[in-house]
Amino acid sequence: MQTYIVLIACVVLLLCLFFRVPVYISVFAAALTYFLFQTGSSPAIIAQRIGGGIQSIPLLAIPFFICAGIFMNSSGVTKRIMNFCNVVTKRMTGGLGQVNVLLSTLMGGLSGSNLADAAMEAKILVPEMEEKGYSKEFSSVLTATSAMITPLIPPGIGMILYGSIANVSIGKLFVAGIGIGVLLCISLMIMVHFISKKRGYQPATKEKQDPEEVKSAVKQAILPLCLPILIIGGIRIGIVTPTEAGTVAIVYALILGIIYKELKMSDVVDGLKESVATTASIMMIVGGASAFAWVLTKERIPQQLTEVITSNISNKYVFLIIVILFLLVVGMFIEGNAAMIVLVPLLAPVAQAYGINEIHFAMLFIFVMAVGGVTPPMGTLIFVTCGVTKCDIKAFIKESMPFYMMLFILMLGIAFIPALSTGLVNLVY
């Protein structure tokens with residue numbers, strides 16, 4: 001009977017998501033369904049679990065890094081980073097496309113929000129790309145796909161959530177994310193090169209680099225680019241925790257605003273309001289999903305799942321392939337953070353039973369969830385990007401096919417080559 005109640009709760013969750021009910025209400029409804037059918041359990045436990053789910057010190061890093069990213073955008077950092085990217089890539093084939101990818105990589109270490117990154121580039125870069133002859137579909141797809149890099153580059157919110165849920169070192173996840181994020185950046189830049197060469201998307205210029213121009217661009221961008229180094233270095237040395245690193249990032253962003261003389265008091269007030277709103281939306285999902293995850297743990301679903309999988313699948317790589325396919329399907333319908341809170345307690349113990357390195361599995365999980373942002377029908381990055389660029393969804397999906405193939409190859413590479421995830425961590429730690 002207990003198992004059937006959990007299945008009914010899962011069906012309620014899927015139905016709510018199918019009918020576009022907000023994610024936090026969907027997972028809350030699933031948890032409430034369990035308590036309505038389960039005799040002897042007080043529904044008041046839901047409120048306790050929601051409160052307990054968000055009362056976590058590591059989760060404090062989320063509002064701090066969100067606030068720091070917003071202040072960075074208001075401090076004139078974005079245009080300086082963009083100018084730096086333009087100078088670095090202007091002689092490459094598909095110059096503006098390369099700027100798009102490199103800007104996402106560098107801004108990922110500052111904003112931590114893939115949706116904010118996609119919206120910003122869709123507004124700034126896509127119109128410019130269209131003026132230079134790039135198709136709207138290609139520009140939109142590249143913007144959405146390059147925004148995938150943001151959750152992988154520290155301080156990605158997904159890594160903070162995963163670390164707090166699975167009790168994995170957030171500092172190590174940050175370091176591992178750099179390796180995976182750079183891998184995706186290089187892969188996208190290679191793809192942009194070949195597509196641009198085939199379609200005749202020319203470099204911005206073929207003239208030699210002006211050393212003075214390069215020097216000026218580096219000088220303008222050096223201070224913002226030091227932030228990820230400060231975060232990783234501070235955590236690694238032990239000066240700050242990931243949560244404290246978020247406060248350091250806020251102070252650093254405010255200092256840059258003073259240095260550049262572009263951050264106004266009204267920007268600070270607006271930034272704080274936006275930080276509260278964004279954090280609230282994330283924490284509502286975290287709270288609701290925590291309640292549902294507690295239900296699964298209470299019914300020993302993780303232990304039962306571990307027993308079933310390990311008794312039927314002897315090879316850990318077969319398990320990883322199944323996890324990839326499963327998470328891809330989940331990511332098509334469920335928001336990444338909600339899926340992470342529910343599924344990490346289920347799948348992490350199974351991965352541990354197979355002897356899979358916790359950092360390796362974490363990065364594979366986070367990467368596949370990031371891919372869910374660009375897959376239909378519920379890909380949030382698709383709707384954010386197309387909402388700004390007015391790109392047709394069907395045309396977007398058709399243009400995305402080569403990118404989907406590349407992302408699937410990368411997923412298999414991360415699954416079968418653990419060193420891609422753990423190599424940099426082993427060097428630093």
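Which entries in LYS79/LYS172; LYS79/LYS394; LYS219/LYS261 show an alpha-carbon gap greater than 23 Å?
From the list (LYS79/LYS172; LYS79/LYS394; LYS219/LYS261), the Cα-Cα distance tops 23 Å for LYS79/LYS172; LYS79/LYS394.
Using only Cα atoms, tell me the angle between helix 393-416 and the longest principal axis of the chain; keep it within 0 to 90° and round to the nearest 10.
Helix 393-416 and the main axis of the chain meet at about 70 degrees.
Just one of (i) 20.9, 65; (ii) 20.6, 60; (iii) 21.7, 76 is Rg and Dmax of the Cα atoms in Å calculated from these coordinates, so which is it?
It is the value labelled (iii).
Give me a comma-separated list of calculated 3J(HN,Hα) values for the range 341-356, in order, Karplus coefficients 6.51, -1.76, 1.60 applied at θ = phi - 60°, integers in Hz, x for any Gly or Pro.
Per residue, the Karplus-derived 3J(HN,Hα) values read 5, 7, 8, 4, x, 7, 8, 4, x, 5, 4, 5, 5, 7, x, 7 Hz.
Can you tell me the length gained on complete extension of the stretch GLU307 to LYS264, counting 0.36 nm per residue apart and subtracting the Cα distance?
9.7 nm
Evaluate the charge dipole of the chain about its Cα centre and quote only its size in Debye, nearest 20, assuming +1 on the Cβ of each Lys and Arg and -1 on the Cβ of each Asp and Glu. Don't skip to the answer; put the middle values down first.
Values: 27 positive and 21 negative charges, 99 e Å.
Dipole about the Cα centre, nearest 20: 480 debye.
Based on alpha-carbon centroids, what's the gap between the range 324-374 and the range 259-319 in Å, whole number please?
11
Using 7 Å Cα-to-Cβ label points, what is the GLN202/TYR4 separation (nm, one decimal)?
7.1
Of PRO127, THR247, GLY355, which is farthest along the charge dipole of the chain in the positive direction, counting Lys and Arg as +1 and Asp and Glu as -1 at C-beta?
Checking the options against the dipole of the chain, the answer is PRO127.
Can you list the lysines whose alpha carbon is less than 27 Å from that of LYS398, not counting same-chain residues fewer than 8 positions off?
LYS123, LYS132, LYS136, LYS197, LYS198, LYS390
With the chain treated as a Gaussian network of Cα nodes joined by springs under 10 Å, which of SER266, SER56, SER187 yields the largest mean-square fluctuation?
Ranking SER266, SER56, SER187 by mean-square fluctuation puts SER266 first.
Of ARG236, ARG300, ARG80, which is the most mobile in a GNM of the chain whose springs link Cα atoms less than 10 angstrom apart?
Between ARG236, ARG300, ARG80, it is ARG300 that shows the largest mean-square fluctuation.
What is the sum of charges, Lys and Arg at +1 and Asp and Glu at -1, for the other residues whose Cβ falls under 13 Å from the Cβ of THR145?
Around THR145, the surrounding residues sum to -4.
Could you compute the net charge surrounding GLU358? Neighbours are other residues with a C-beta less than 14 Å from the C-beta of GLU358; K and R count +1, D and E count -1.
+2
Any read-out appearing in this document is the output of simple, stated calculations on the displayed coordinates, not a laboratory observation. Worth saying up front: this structure is predicted, and the values here are computed from it rather than measured. Neighbour counts run over all protein chains shown; Cβ positions are idealised from the backbone, glycine included.
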